[in-house]
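The values are calculated or read from the model by the stated rules, or taken from the named source; none is laboratory data. Keep in mind the model is a prediction, meaning the values are calculated, not measured. Virtual Cβ from ideal backbone geometry, glycine too; neighbours counted across all protein chains shown.
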Amino acid sequence: MSLGPGVVGEAWPDMSPPGERPYIWINCASSLDGRLAFAHGKRARLSSIEDLRRVQRLRLRVDAILVGVGTVIADDPSLRVHRELLGEDPAASHDGMRSGPLRIVLDSHGRTPEGSQVLDGKQPTVVLTVEGCHRRFPPSITVGGFGRGRIGLKAAMRWLLKRGTRSILVEGGSEVISSFVREGLVDHWTLYTAPIAIGGRSAPTVMSGPDAEEPEAHVRFRLLSTEKLGDGLLTTYEPVRGPPREA
């Protein structure tokens, strides 16, 4: 099968907001056995250089990149577009707050470490937390509180759309991916599978969160495309829409 739209070629899916929330694209890389990292979440570089370049082109297309605070603590990502991987001069792309897409961090209880790259003020950044969170962030950071105990994702997504964020690239980790999938907040999913197996009990899987104890609790996806990319395999999916499940 050939690659689907917006994966490696020049054609991209229509990323118009599907209603009252942004268009949401999940992208991740895993091992053959579905692990995102090594034991205890130690970072694993799973993407090939070809996949890394694909991700940078994808980052250029979206309005925002979203990760959870666990990813920030474990990896301290910059969430910038690595233009050097695309053969461009990275210095030429830096223009104050216009240097890249919006960075979004899900951080229910204000655990983002001081000094994290996402708090450096080099790109516009939003931290989504819960109501009543007392953490104070730098003045350059926009903070939105939604829900109690855990972030109300649907309300947060509506808020982001009203602020002009029309498309979001969700890059993990496993709890975040699980939350978006379980709440039906996915429009497109690309998964790069690396030709390695990790195994073990503590290496995080692509999705975690609550167990699906009944057959009706699973979420179905439709395969759009698959193709060899570097030494790995890139697959693209979209959700199978159906009648809403009872809460």
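At-a-glance table
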quantity: G199 in contact (Cβ under 8 Å) with a residue 60 or more places away in the chain, in a loop (DSSP other than H, G, I, E, B) and over 27 Å from G100 (Cβ atoms); calculated: yes
quantity: Residue in the stretch 162-169 that is under 15 Å from the mean Cα position of the chain (by Cα), in contact (Cβ under 8 Å) with a residue 40 or more places away in the chain, crowded, with 21+ Cβ neighbours inside 10 Å and over 26 Å from L46 (Cα atoms) present; calculated: yes
quantity: Restricting the stretch 205-247 to residues that are modelled with pLDDT under 85 and either touching a Gly at 6+ places or on another chain (Cβ under 7 Å) or outside any loop (DSSP other than H, G, I, E, B) (or both), the residue that is nearest to S48 (Cα to Cα); calculated: A217
quantity: Some residue of the stretch 28-41 being under 23 Å from L102 (Cα atoms) and at pLDDT 95 or above; calculated: yes
quantity: Residue that is closer than 20 Å to M157 by Cα, touching a residue at least 40 places away in the same chain (Cβ under 8 Å), crowded, with 16+ Cβ neighbours inside 10 Å and not polar (S, T, N, Q), where the choices are L79, L46, L36; calculated: L79
quantity: Selection count where residues are of a type in the set (S, T, N, Q) and over 15 Å from the mean Cα position of the chain (by Cα), scope the stretch 48-87; calculated: 1
